1. How about the chain: what cysteines have no other cysteine beta carbon under 4.7 Å from their own?
2. So for the pair Ser496, His53, with labels modelled 7 Å out along Cα→Cβ, what separation do we get in nm?
3. Just report the Cα centroid separation between the range 180-199 and the range 238-276, whole Å.
4. Apply 1/(1 + (r/R0)^6) to the Cβ-Cβ distance of Lys411 and Asp176, taking R0 = 51 Å, and write down the FRET efficiency to the nearest 0.05.
5. Using Cβ counts within 10 Å as a stand-in for footprinting exposure, how do Lys236, Lys178 rank, fewest first?
6. When the chain is fully extended, how far beyond the present Cα-Cα distance does Val286 get from Asn104, taking 0.36 nm per residue of separation?
7. Around Asn274, which amide H atoms from residues at least 5 apart in sequence, or from another chain, sit under 5 Å from its own amide H, with H modelled in the peptide plane?
8. Hey, what do the phi angles of the range 326-335 turn into as Karplus ³J(HN,Hα) couplings, whole Hz, using 6.51/-1.76/1.60 and θ = phi - 60°, x for Gly and Pro?
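Just so you know, all these numbers are worked out from the coordinates, no wet-lab data involved. Since the structure is predicted, the reported quantities are computational estimates derived from the model, not experimental observations. Here the Cβ is made from the backbone with ideal geometry for all residues, glycine too, and neighbour counts use every protein chain on show.
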Amino acid sequence: MDDPIIGIMSPKAKEWFARAVVGMIWADGRIDQAEIDYLKSLLGFLKDKDLIHSVLGMIKQNKIPPLESIQLEQAQALAILKHLTSISIVDEDLDKSEVAFLKNIARLLNLPPEIPEKFISLGRKRLGGNRFHSNLLVGDDSLDVVCFGFSERECLFFSNRLVNPMARLTLRVYKDQKNRSESGLHAPFVAEAQWCRAVKSGIAKYVVKAVFKKQITSEEGARLIFSMPEEVETRKTFEPQYNSLLGYYLQCRVCGTNDIPFWQLRSRCLHTKNNIFGIPHYDRAVGGKDFCDYNLFQISVCPNCLFASNMMEYFQRQDQEIGSPKFDQKLFQSKWQPTLHKRKKLVAADDNWLYSLERTPEQAIVSYQLAMDTHQQLGLISDDLEQSNHQRKVVSFMLTQAEMLMDQGDKANARKLVQNAKTILEKAFPTLEKEAAIRAAHLIILINIYFKEYDNIGEYLNFLQKFDKLHGVASASKEAKILYHAMETAKDAWQSKDEYAFDKISSFHLKD
Ligand SMILES: [Zn+2]
């Protein structure tokens with residue numbers, strides 16, 4: 001429990017609260033293992049192990065623990081009453097003995113009698129309506145559930161199936177509650193199951209508490225809590241914590257998840273030093289702007305289907321009209337969904353970092369892996385030209401991973417990735433055309449020089465030198481620029497090949 005008011009209560013008050021919780025659970029005269037588990041999670045705020053044991057002991061003794069009158073600050077007394085009311089309605093029932101218990105508690109807390117009346121009537125209201133038929137995806141199963149008790153951070157739902165705590169959930173509320181089959185579903189809430197209790201309600205066998213991965217917006221929350229008609233106010237942009245960045249909210253085109261943050265680097269804010277393979281390394285801020293290592297969080301990831309890219313145009317920007325997507329969404333989804341379990345294994349159970357720009361290098365490396373999977377799959381459903389663009393992205397993500405691993409001191413794995421990138425490029429090279437072929441030849445040359453594998457460098461240098469003659473490059477075109485840059489840097493690297501060799505430099509950067 002992370003209620004700050006409970007957190008700062010005195011040990012004596014906490015113990016009192018713990019006894020009251022036991023009493024509340026016993027008030028309806030039954031208790032089961034799920035309730036004990038629930039109690040344990042609730043008692044997390046008790047630091048004193050002996051006290052936890054004694055509270056659990058009380059549960060087993062099958063009686064309501066004695067409670068004496070206690071004088072607390074009103075905010076604390078109200079918080080206790082609020083939590084107890086929530087417990088009382090978890091099984092979708094507020095029976096006479098529970099009402100009597102709440103009134104007694106209010107008396108012991110020295111609260112005026114109209115206060116428990118108000119809580120009880122609110123509790124009844126929460127039970128009375130505001131239930132939402134919804135679809136739940138958990139693992140590979142899709143089931144119908146009934147959600148209720150929404151707040152901005154969590155909701156409860158009835159399920160006929162046991163849901164394991166910690167399970168990752170995707171909840172979608174039906175748009176039309178009366179005509180569900182045809183109505184379609186609202187955008188999903190991604191959540192984690194906190195607990196699952198067997199209940200004696202007529203609606204379903206279990207009640208599950210779902211904690212949202214990301215607080216839902218107050219508009220969505222108000223709509224669900226008070227059954228207001230949908231009036232979608234989409235979030236568009238946000239202000240990142242560093243003034244060198246711009247923040248946009250994106251929607252996943254594959255699964256419809258909203259409010260995925262994307263951080264765009266403002267121009268001329270960070271100084272970069274490209275490594276020998278052309279991968280930028282951010283080393284300092286410029287013009288008084290805030291420094292941040294953009295490589296750590298440039299990949300935006302959909303928390304639901306784990307679609308990932310550093311290019312906004314592969315998502316739907318929420319500050320723009322829906323434009324024509326860059327890929328066939330349906331076709332992509334049909335290939336993407338079956339492999340979700342593999343991607344989930346990459347992301348830790350606590351995936352809050354997906355919403356954050358404070359990512360560890362390990363988390364950033366996972367984000368690049370997801371982006372590689374994404375662009376690989378995008379390539380497989382694209383035409384040749386697009387396919388080579390995606391392949392280039394995959395190689396550049398791989399080389400960025402390598403740069404980060406090198407930075408971490410993991411030279412062996414960093415070099416392995418660079419070798420892998422070369423293998424991909426060499427395999428693709430014969431089928432590549434124009435710009436893609438120039439870039440690939442260029443990178444193969446640089447990687448070979450780094451590894452001191454000089455045998456076939458001549459072949460690729462030749463390719464670059466003869467390219468203009470064979471293919472006719474229009475002067476001042478983009479292609480001409482890329483070709484010129486590739487030839488110059490490849491020649492430079494070849495002439496000073498000793499400085500580029502892996503046994504001469506300890507990073508992927510030339511010595512100053
Ligand atoms: Zn998605």
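1. So, Cys147, Cys155, Cys196, Cys269, Cys292.
2. If labels sit at Ser496 and His53, their model points lie 7.0 nm apart.
3. One Cα centre to the other: 30 Å.
4. That gives a FRET efficiency of 0.30.
5. Starting with the residue having the fewest Cβ neighbours, the order is Lys178, Lys236.
6. Values: separation 182, 0.36 × 182 = 65.52 nm, distance 6.43 nm.
My answer for the length gained is 59.1 nm.
7. Correct list: His281.
8. 3J(HN,Hα) across the range 326-335, in whole Hz: 7, 8, 6, 4, 4, 5, 4, 4, 5, 8.
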